[in-house]
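All remarks here apply to the structure that follows.
Read the figures in this text as sums done on the coordinates, not as results from a lab. Computed from a predicted model, the values in this text were never measured in an experiment.
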Amino acid sequence: MNGRFFSQLIRDHFNLYFSAAGPKTNGQRLFVMDNDPSQNSGPACQAMEEGEAKLHKIPPRSPDLNLIENLVHVWRHLLDDEAKSCNITHKTFEQFKRRVLRTLESIDIKLLDKTIESMSKRIDAVLASKGGQSKY
């Protein structure tokens, strides 16, 4: 993905995604950026501004306080394991989309709860390391 593609994705889809997330706060919606170059590009930042998004950039190499990253990690491993066990080497986009959604829906809610409950420990670890690396 590059900045031009990401900026078009923002223009085409983010208003719909953001509106599903609930009302704006002070006329804006928060978008958490993970330092992907396509998200930090000039065209993407301009598209975000036009879409009334408030940008929050996670510092590079920061301890992982973004809970969605933990979910994506688990999700990716489940998809990889299924691809290996079922010897999946090629799928259409629609087949892959169904597999991704099915896998996401199969994640145990207890795992999500456990990850959320670990936030206080994560924050304590970040504070103790003065923003440096932690086990999270």
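Scanning the chain for DSSP H helices at least 18 Å long along the axis (C-alpha atoms) with a Kyte-Doolittle mean no lower than -1.0 picks out 67-85, 93-106.
Considering only 104, 55, 16, the Gaussian network model of the chain with Cα springs below 10 Å gives its largest mean-square fluctuation to 16.
Only one item in (i) -0.49, -0.58, -0.87; (ii) -0.63, -0.69, -0.85; (iii) -0.68, -0.80, -1.14 matches log10 I(q)/I(0) by the Debye sum over Cα atoms at q = 0.12, 0.13, 0.16 Å⁻¹ derived from the coordinates shown, and that item is (iii). Estimated from helical segments only, the mean residue ellipticity of the chain at 222 nm is -17000 deg cm²/dmol, where each DSSP H run of four or more residues counts as -39500 (n - 2.57).
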